[in-house]
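The values are calculated or read from the model by the stated rules, or taken from the named source; none is laboratory data. All values derive from a computational prediction rather than experimental measurement. Calculation scope for accessible area: heavy atoms of the full protein, side chains included, ligands and nucleic acids excluded. Shrake-Rupley method; radii C 1.70, N 1.55, O 1.52, S 1.80 Å.
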Amino acid sequence: KFYKDVLNAEAEKLFAKISRSASCQETKDTIYAHRKDEFIAIRSEIHMNYNRDWTVKKMAELANISPSRFFCLYKKIFGVSPLKDLCITRLQRAEISLVQNDYSVERTAEFMGYKNQYHFIRQFKKKTGITPGKYKKTKGAQK
């Protein structure tokens, strides 16, 4: 007897949910676009000061958000975690430094922000396939 009324009420609820969802998505997209510019600036800060003792917590403080939220947004925007991105930058700079400067591997690791030179050597070898010392000898000789 009341099926038409029930169907109309359910249809109205469904349309209200769809409407709220669409406007909510627009708000998320706007916030995401605003945050993207902010995160690009933060990423530049991190990359320019790659030798600092960065943690996700310290990076998140630049954005005034929690470390977990920072991690998620950073990975969503750049496609890589913040610490992995920092590691890539450090290793790229290390490659250049090893060829252009006459510093030891230990000193290069220190300049790149590594507290442990063996950790630096492992990461460098994982990226390039050879140790920093061998890289310095082969690439430095080609210079």
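Things worth noting here:
- Computed from backbone phi with θ = phi - 60° and the Karplus coefficients 6.51, -1.76 and 1.60, the 3J(HN,Hα) list for the range 56-71 is 4, 4, 5, 5, 5, 5, 5, 9, 6, 9, 5, x, 5, 5, 4, 4 Hz; x is used for glycine and proline.
- Note on LYS4: lysines with a C-alpha under 25 Å away, same-chain residues under 8 apart excluded, are LYS13, LYS17.
- Of the cross-linked pairs LYS76/LYS126; LYS58/LYS139; LYS75/LYS139; LYS57/LYS137; LYS36/LYS134, those separated by over 31 Å at the C-alpha level are LYS58/LYS139; LYS75/LYS139; LYS57/LYS137; LYS36/LYS134.
- The calculated 222 nm mean residue ellipticity attributable to helices in the chain amounts to -27000 deg cm²/dmol, summing -39500 (n - 2.57) over DSSP H runs of n ≥ 4 and dividing by all residues.
- Vicinal HN-Hα couplings computed from phi for the range 113-130 (Karplus, 6.51 cos²θ - 1.76 cosθ + 1.60; Hz; Gly/Pro x): x, 8, 7, 10, 5, 5, 5, 4, 4, 4, 5, 4, 5, 4, 6, 9, x, 9
- A straight chain from ILE65 to GLU38 at 0.36 nm per residue would run longer than the Cα-Cα distance by 8.5 nm.
- Identified option (computed mean projected area of the Cα convex hull in nm²; candidates [x] 7.9; [y] 8.6; [z] 12.7): [z]
- Note on ASP37: accessible area approximately 110 square angstrom, rounded to 10, probe 1.4 Å, nucleic acids and ligands left out.
- Residue-by-residue Karplus 3J(HN,Hα) for the range 83-89, coefficients 6.51, -1.76, 1.60, Hz, glycine and proline x: 6, 5, 4, 4, 4, 4, 4
- Nearest-ten-degree value, helix 3-48 long axis tilted from longest Cα axis of the chain: 20
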